[in-house]
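The structure appears below as structure tokens.
The values are calculated or read from the model by the stated rules, or taken from the named source; none is laboratory data. Just so it is clear, the model here is predicted, and its values are computed rather than measured. Glycine also receives a Cβ, built like all others from the backbone with ideal geometry; neighbour counts cover every protein chain displayed. Note: areas computed on protein heavy atoms with side chains; ligands, DNA, RNA excluded. Shrake-Rupley method; radii C 1.70, N 1.55, O 1.52, S 1.80 Å.
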Amino acid sequence: MATTKTYEEERAGYYKVLVGLLVLTAVTLIQPTMFLENATFGVQMLIGVIKAWMIVMYYMHMKGEKLIGASVIFAMFLVAFFFVIVMIDVNHFQFGDVSHITSEVTSAGGSSATDH
Amino acid sequence: MSDHPYVPEIAVDREGNEYEVQGWQGDFFGGKFGFWLFMLTEIMMFGAMFMVLTYYFTLHHDDFINASASLNRTLGGFNTVVLLISALTMGLGLLKMRHGDVKGAKLMIWATILLAIVFLGVKAVEWTAEYNHGVFLGLPALQGGLPESKPFGEIMFFGMYFTMTGLHGVHIIIGIGLMLWLLKRINAEKVTPEHYILHFNLALYWDLVHLIWVFVFPYYYMIGAGLSTGGH
Amino acid sequence: MSKSYLELGETHCAIGHPKTAFWQWMLTVDHKRIGIMYAAVMFVFFFVAVFTALAMRIELFAPGAQIMDGDTFNQAFTLHGVLMIFLFIIPGIPAIFGNIVMPLMIGAKDVSFPRLNWATFWLYIFGCLVALTSLFNFNITEGEVLFNFADTGWTFYAPYSLNTGTNVVTTLVAAFILGMASILTGLNFLVTIHRLRAPGMDFFKMPLFVWGIYATAWIQLLATPVVGITLILAIMEKYFGIGIFDPSKGGDPVLFQHLFWIYSHPAVYLMILPAFGIMSEIIPVFSRREIFGYRTIALSSASIAGIGYLVWGHHLFTSGMSDIAKTIFSFLTFFVAIPTGIKFYDWIATMYKGKIILDSPMLWALGTIITFAIGGLTGVTIAMVGSDIHLQDTYYSVAHFHYAILGGVVFLLFAGMHYWFPLVTGKFYKESTAKVAFYLNFVGINLLWFPMFIAGYLGMPRRYFDYLPEFEIYHQVSGVGAIVIISGLVLMFYNFLSSWKSGEAAPVNPWGATTLEWYTPTSPPPLENHSKVPYVDFGPYEYHHAQPKVKFDLATMKRID
């Protein structure tokens, strides 16, 4: 791999990314009790995406990789499509009244977080 | 396969210009591209698994939050940091290898192996605690239709939790095996600062393992974190 | 002077330097030899599955039980489906001709990872063995050995498959191993096509078969991992009682169908795309004309692969999917017909004013235009939600599937076998026998499956071993068709085998083709293919006055036109 950077520069890059990832991990851990408590799931996934982006770009040397980048984007698109369709399907569940799956949920809905 | 050193062939066009032919031998980009394609299959595999998870999260929202609240965030968070640092050591190892410091590279690989073992150890402690609380694959609490069964959603949550963290753990174990093999190859001087594709791909693999954890961790440990302050 | 790759010692091996021909074949990394070994194994399974199908046809010749009971019938169609789909047609054309021809076509010496290619072949063999053993199931209870055989159909729908005594988990393991082999083949081909094209050959100078393989390889790579997940979840359900697909434990069986078809539907395009590639090779050569609309054919392969990922839900119209998802999937499915139609018009336009030579490869290709058109268009009718609810799980969908896969994929595989037979073996088959075999097959397929469209439309369900008397006539016509097509198949393979042994020697490039795989110094080609890697500054199908425009000195691969 042709690189113009020196060893020290590259090492500094690794540490910078490390600090960024550690900060984001800290945010992950405190977020549910500190801010945006109603949107925990969304915030957590957003942080995950940012971390993943940093890892892919810097640790996995994806910057400037056109062919590989396009392949990854294609794969991500497919996963996203599977998600969207299956989510549309499950959000329009039409058999809630008769389904065994959902009726059990309502009867068990009262269970608490302190089971064990 | 060929015992002779590989010399690229030259193709000549009609004007007499020469073009070097890319052979399959010593093709660094080819090796890298091939490994990325392999990693795409991992992305599809875990992607489909997250899809199943999201499917049941949608159907059993409250059960999932409750179950998530009962996981041990201290140990999980600790493991996240361990894995994060191991990704750094792996990357630094590759950097040292590329700049000719073979000894330093080997040291960094050993450090990565050590951190991976720490990760597995913490995982084992976590699973043991869960087993002692009666929450484990095959125990009555995670079987549908019994009096002591948990609600459907929680069964699904814990079932997927053990499946996915288990699968992730298998990837870590495979990674350790591959790193030991890499050390062997370095000692045999099959992996050198001039010819380090195996080291490069293994670093990619380790980043992928880290990448999966980046999503596994919040999805299981953090979605219900607002309900309790962690731990059992 | 270089020797043919079939001669003793003319191969590189994965391990060591064996002296005997047997070990040289077992350990070979030569893409051509590996392709031949794939073909040999696949056609053994193919004929086992064909004769299983014949047994089912004999059973159905009259109402009531003839030669087997209902349970045996269920096991027979499961065996037929598993062998045909997972062992034969999914690896099918990519593993045989993708291996043999694709590197030759792009001027490469081998695939990018030759050792991986060898390992993949043996992974495939291992997967075949697991698949076969998984179909047999021994239950030892109270000292008594109960024997049963998988009867779930090749789709293994949960929860039935997970609750019966059959080894569905092992079968899924087999599907995963075979899938892994398929992934690695695809990966190898993708890197090969990206890295090892001869200098000057850009993507739009590649032969169209390579385009087909390229699109297929992406499907192999990105759809197959989903089987792995289905397997892991099935294991969780079967051994740990998590009940991911079992409604009595809170799971959703429709989710199993989603996951299964997310893989298995793209798998259908994985079968057909390289077959279309073979068609695109044969039509210009035997019309002596440049192919019409090269770019549209190439890009339609890519778009079929792309759209093919997005349409799996049309298998679930009667499974309890939500109405909005049904509508989306029905709509998306129609889109597949557009690039397919473009290909068909391009092929027909290529033949217009061409100098058509009716040799047997061309006959097979032309026959396929008819049979696949029937298979494809009936597919559009059942892509509509309304008509699908009537026709789902009837003989109509069975007939559609077999017209599309046998009449499309397998027919084109046979076309390719006739076309590349002189390349692979260096011999000619007997043309007159080949023509008779083609007509037997062509008449046979129509006799066998066309009546099923009518029977299915009138309500004959699939997978039944008995039926009402009014369907007898359709089953009897089908039975006759089965005999005709099997005699055609046997005749064709007899022709191939006897010609390989004692056929007339074929010169280099006997068909007057323009693509690089024919320009090798010997017939059949030597170990590392072309004598020199050519510089490619010409299109793949350039004809001038019905003769190939580009000519090579085969010893130096310099252009001499």
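In contact with a helix residue (DSSP H, G or I) (Cβ under 8 Å, 6 or more places away or on another chain) and surrounded by fewer than 21 Cβ atoms within 10 Å (Cβ to Cβ) - does that describe any residue in the stretch C:115-122? The answer is yes, given that some residue of the stretch C:115-122 is in contact with a helix residue (DSSP H, G or I) (Cβ under 8 Å, 6 or more places away or on another chain) and surrounded by fewer than 21 Cβ atoms within 10 Å (Cβ to Cβ).
The set of residues in the stretch A:71-93 being at pLDDT below 85 and open to solvent by 80 Å² or more (accessible area, probe 1.4 Å) consists of A:N91, A:H92.
Quick check: is even one residue across the stretch C:4-13 assigned to a helix (DSSP H, G or I), buried (at least 17 other Cβ atoms within 10 Å of the Cβ), more than 18 Å from the chain's Cα centre (by Cα) and more than 14 Å from chain B (Cβ to nearest Cβ)? Explain how you work it out, then say what you get.
Applying the first criterion (assigned to a helix (DSSP H, G or I)) to the stretch C:4-13 yields none.
Among the residues of the stretch C:4-13, not one is assigned to a helix (DSSP H, G or I), buried (at least 17 other Cβ atoms within 10 Å of the Cβ), more than 18 Å from the chain's Cα centre (by Cα) and more than 14 Å from chain B (Cβ to nearest Cβ), which makes the answer no.
For the stretch C:522-547, the tally of residues that are open to solvent by less than 20 Å² (accessible area, probe 1.4 Å) and either assigned to a strand (DSSP E or B) or within 11 Å of chain B (Cβ to nearest Cβ) (or both) stands at 6. Of the residues screened, C:I242 is one that is surrounded by 24 or more Cβ atoms within 10 Å (Cβ to Cβ), of a type in the set (A, V, I, L, M) and not in a helix (DSSP H, G or I).
Could you check, for the stretch A:8-23, whether at least one of its residues is part of a helix (DSSP H, G or I), closer than 16 Å to B:R73 by Cβ, open to solvent by 30 Å² or more (accessible area, probe 1.4 Å) and not assigned by TED's automatic domain parsing to the domain that holds A:M76? Checking the stretch A:8-23: not a single residue is part of a helix (DSSP H, G or I), closer than 16 Å to B:R73 by Cβ, open to solvent by 30 Å² or more (accessible area, probe 1.4 Å) and not assigned by TED's automatic domain parsing to the domain that holds A:M76. Looking only at residues in the stretch B:161-213 that are more than 13 Å from B:A105 (Cβ to Cβ) and of a type in the set (K, R), the one that is nearest to the chain's Cα centre (by Cα) is B:K184. Within the stretch B:4-45, the set of residues being of a type in the set (A, V, I, L, M, F, W, C), open to solvent by 10 Å² or more (accessible area, probe 1.4 Å) and either in a helix (DSSP H, G or I) or facing another protein chain (nearest Cβ under 7 Å) (or both) comprises B:V12, B:V21, B:W24, B:F28, B:F29, B:F35, B:W36, B:F38, B:I43, B:M45. Could you please find all residues in the stretch B:103-128 being over 20 Å from the mean Cα position of the chain (by Cα) and either surrounded by fewer than 17 Cβ atoms within 10 Å (Cβ to Cβ) or free of Cβ contacts under 8 Å to residues at least 40 places away in the same chain (or both)? If the condition is that a residue be over 20 Å from the mean Cα position of the chain (by Cα) and either surrounded by fewer than 17 Cβ atoms within 10 Å (Cβ to Cβ) or free of Cβ contacts under 8 Å to residues at least 40 places away in the same chain (or both), then B:K103, B:G104, B:L107, B:T128 are the ones that fit.
The listed residues are C:F286, C:F335, and the only one of them that is of a type outside the set (S, T, N, Q), farther than 24 Å from C:P94 by Cα and part of a helix (DSSP H, G or I) turns out to be C:F335. Per the conditions (1) touching a Ser or Thr at 6+ places or on another chain (Cβ under 9 Å); (2) open to solvent by less than 30 Å² (accessible area, probe 1.4 Å), the sole criterion not satisfied by B:T165 is (1).
May I ask you to list the residues in the stretch B:68-78 that are within 16 Å of the chain's Cα centre (by Cα) and either open to solvent by 10 Å² or more (accessible area, probe 1.4 Å) or away from every other protein chain (no Cβ under 11 Å) (or both)? Reasoning before the result, please.
Kept after step one, since they are within 16 Å of the chain's Cα centre (by Cα), are these residues of the stretch B:68-78: B:76.
Within the stretch B:68-78, none qualify.
Taking the stretch B:46-64 as the range and being more than 8 Å from chain A (Cβ to nearest Cβ) and of a type in the set (V, I, T) as the test, only B:V52 passes.
Here is a yes/no grid of residues against (1) in contact (Cβ under 8 Å) with a residue 60 or more places away in the chain; (2) open to solvent by 10 Å² or more (accessible area, probe 1.4 Å); (3) part of a helix (DSSP H, G or I):
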| site | (1), (2), (3) |
| --- | --- |
| C:V169 | yes, yes, yes |
| C:F176 | no, yes, yes |
| C:L184 | yes, yes, yes |
| C:I193 | yes, no, yes |
| C:A215 | yes, no, yes |
| C:V227 | no, yes, yes |
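Of the helices (runs of 4 or more DSSP H) lying entirely inside the stretch C:372-439, those containing at least 3 residues that are within 23 Å of C:F344 (Cβ to Cβ) are C:395-404, C:411-425.
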